Amino acid sequence: MSTPSRSLSPLAPYAATLLRLALGGLFLAHGLTKLLVFTPAGTAAYFRSLGLPGALGYFTLVAELGIATALLLGVYARWIGLLGVPLLLGTIVTVHGANGFSFANTGGGWEYPAFWALALVVLFLLGDGRWSLRSR
């Protein structure tokens with residue numbers, strides 16, 4: 001089996017851009033929800049209710065907004081996006097894993113955060129795509 005020396009499609013960089021922007025939008029939505037709806041203090045309290053340090057709630061909020069910014073602007077997006085994978089795996093372990101697979105289950109199962117983490121790995125493999133401020 002030989003490895004192709006060029007992209008399988010001339011549209012692949014545009015697909016990577018679309019994926020990068022969609023993932024950035026998801027991180028932005030989740031980070032802004034923690035900031036504006038739950039509030040930072042409420043987010044920290046929720047993390048404490050899970051038996052986690054409240055400071056981890058603040059860290060997660062800042063990380064989600066930082067990852068969102070990098071993905072949306074395309075600043076080292078493939079690498080910064082990988083930082084989101086442990087966050088999503090953490091949600092599976094601490095919140096969603098016990099709820100079963102389907103995200104439609106009460107409390108949300110692990111299917112959505114697992115797919116989101118996998119999409120971040122795909123972005124890493126594809127690269128930043130077109131229209132990014134800084135690639136590679």
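The values are calculated or read from the model by the stated rules, or taken from the named source; none is laboratory data. None of these values were measured; they are calculated from a predicted model. Backbone-built Cβ (ideal geometry, glycine too); neighbour counts: all protein chains shown.
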Test for Ala63: is it assigned to a helix (DSSP H, G or I), in contact (Cβ under 8 Å) with a residue 12 or more places away in the chain and over 15 Å from Phe124 (Cβ atoms) | yes
Restricting the range 75-100 to residues that are in a helix (DSSP H, G or I) and of a type in the set (Ser, Thr, Tyr), which is farthest from Gly129 (Cα to Cα)?
-> Thr94
Of these, Leu118, Leu72, Leu125, which one is more than 20 Å from Gly57 (Cα to Cα), part of a helix (DSSP H, G or I) and over 14 Å from the mean Cα position of the chain (by Cα)?
-> Leu125
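Can you tell which of Thr17, Thr43 is part of a helix (DSSP H, G or I), in contact (Cβ under 8 Å) with a residue 60 or more places away in the chain, polar (S, T, N, Q) and surrounded by 13 or more Cβ atoms within 10 Å (Cβ to Cβ)?
Checking each option against the conditions leaves just Thr17.
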Taking the range 120-135 and keeping only residues that are of a type in the set (A, V, I, L, M) and surrounded by 17 or more Cβ atoms within 10 Å (Cβ to Cβ), one is left with Leu120, Leu123, Leu126
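Rundown of residues vs (1) surrounded by 13 or more Cβ atoms within 10 Å (Cβ to Cβ); (2) of a type outside the set (Ser, Thr, Tyr); (3) at pLDDT below 95, yes/no style:
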| position | (1), (2), (3) |
| --- | --- |
| Thr3 | no, no, yes |
| Leu23 | yes, yes, no |
| Thr39 | no, no, no |
| Leu52 | yes, yes, no |
| Gly57 | yes, yes, no |
| Leu61 | yes, yes, no |
| Ala77 | yes, yes, yes |
| Leu87 | yes, yes, no |
Where a residue in the range 103-131 is under 24 Å from Ala77 (Cβ atoms) and its partner, wherever it lies, is part of a helix (DSSP H, G or I) and charged (D, E, K, R), with Cβ under 7 Å and at least six apart | Leu123/Arg20; Leu123/Arg78; Phe124/Arg78; Gly127/Arg78; Asp128/Arg20; Asp128/Arg78; Gly129/Arg20
Could we say that Ser102 is at negative phi, in contact with a helix residue (DSSP H, G or I) (Cβ under 7 Å, 6 or more places away or on another chain) and surrounded by fewer than 16 Cβ atoms within 10 Å (Cβ to Cβ) here?
-> yes
